[in-house]
Amino acid sequence: MSAAASRSPLSGTPLRLVVGFILLINGLFPALWILLTSLKLEPELTRTPITWLPALPTLHNYVQAFSDQPLLLFLFNSFMVALISTLATLLVSVLAAYALARLKLRFRDLILSAIIAVSTFPLVTLLVPLFEIMRALNLLNSWTALVLPYTVLSLPICTLILVSFFEGIPRDLENAAMIDGCTRIGALFSVVVPLSVPGVVTAGILAFVNAWDEFLLALSFNSSPALRTLPVGIQLYQGEFTFPWPVVSAALIVGIVPIAVLIVIFQERVVSGLTSGGLKG
């Protein structure tokens with residue numbers, strides 16, 4: 001029996017536990033600290049020594065977060081912009097990924113390299129060109145001004161994820177569907193996409209989170225108070241000489257909840273999508 005075969009499946013478990021614990025703390029501690037801050041009163045934040053748990057937990061900060069600013073409006077704008085841009089991203093990325101995975105494109109590798117290269121561009125370098133385009137198209141101060149760039153910015157990663165899934169699906173299934181009367185597009189949406197649900201869900205969640213969290217474009221393209229998204233709206237809680245951390249923390253928790261719920265609902269498909277995509281890639 002070889003050394004590799006005789007090695008215990010638990011070998012390396014302590015190291016994996018340590019790494020997993022570090023990653024868990026790194027991911028959960030900021031959110032936990034924001035949650036605890038949202039339950040504290042302002043004087044507790046300046047106490048010495050620091051208090052980790054709120055002495056008298058209160059929901060007053062959440063009430064104030066909704067009363068000081070139109071938080072529901074911010075949530076609605078963010079949700080609609082993220083939802084529309086996600087649907088647009090999935091539609092375009094599914095078609096693009098299918099073409100790259102199935103069609104005999106002469107410069108396929110070059111196209112994939114270009115997609116990867118484009119995805120590395122810092123957003124700040126694209127701000128001025130995108131602003132000029134939106135102004136020329138008279139789209140500033142509208143949802144469209146955010147939906148279009150969010151869709152374009154999420155396309156590279158979503159396309160790459162879906163290419164790896166589509167390449168793993170046997171062509172015979174599509175051929176059988178087309179023999180039964182489906183067009184190629186019909187076979188794509190009736191056979192390929194249903195078999196790639198984990199990849200589609202993963203790509204969709206990534207696109208949604210990117211749009212939900214984005215601040216720079218939302219601040220630059222929409223100056224209308226009625227169109228402010230959540231990241232832009234949260235910074236309005238800051239006063240000229242004050243920064244109400246408990247109220248801001250409450251608003252942040254309200255913004256985190258929808259994403260957390262989304263991840264919990266689709267957790268298994270996201271994990272399957274990321275691992276399967278990595279193995280196929």
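Read-outs: derived from the displayed coordinates by stated rules, not from any lab. Here the structure is a predicted model, which means the values were calculated and not measured. Methodologically, a virtual Cβ is constructed for each residue, glycine included, from the backbone with ideal geometry; neighbour enumeration extends over all protein chains shown.
Computed from Cα atoms, the angle from the helix 267-280 axis to the main principal axis of the chain rounds to 50 degrees. From the coordinates of this entry, Cα extents along the principal axes in Å is computed, and it appears in (1) 55, 43, 36; (2) 49, 44, 37; (3) 70, 67, 34 under the label (3). With the helix formula -39500 (n - 2.57) applied to DSSP H stretches of n ≥ 4, the chain reaches a computed 222 nm mean residue ellipticity of -22500 deg cm²/dmol. Extending 7 Å from the Cα toward the beta-carbon at both I25 and V152 defines two label points whose distance is 4.3 nm.
Length available on full extension from L91 to V257: 0.36 nm per residue minus the Cα-Cα distance, which gives 57.1 nm. Ordering of 194-207, 71-84 by packing is 194-207, 71-84, highest average first (other Cβ atoms within 10 Å, averaged per residue). Rounded to the nearest 20, the size of the Cβ-charge dipole of region 31-128 about its Cα centre is 620 debye, with Lys and Arg at +1 and Asp and Glu at -1.
Take every Cα-Cα distance within region 156-197, group them into 5 Å bins from 0 onward, and report for each bin the whole-number percent of pairs it holds. The calculated distribution, bin by bin, is 5, 25, 30, 22, 12, 5, 1.
Which number comes out as Rg/Rh for region 40-125 once both Rg and the Kirkwood Rh are worked out on C-alpha atoms? List each step's numbers first, then the result.
Values: Rg = 23.9 Å, Rh = 18.4 Å.
Here Rg/Rh amounts to 1.30.
When only the Cβ of Lys, Arg, Asp and Glu is charged (+1, +1, -1, -1), the dipole of the chain relative to its Cα centre reaches about 660 debye. Hydrodynamic estimate: the Kirkwood radius of region 118-257 over Cα pairs, inserted into Stokes-Einstein at 4 °C and 1.567 mPa s, corresponds to D of 72 µm²/s. Shape analysis of region 174-229 yields a ratio of the Cα radius of gyration to the Kirkwood radius, Rg/Rh, of 1.32.
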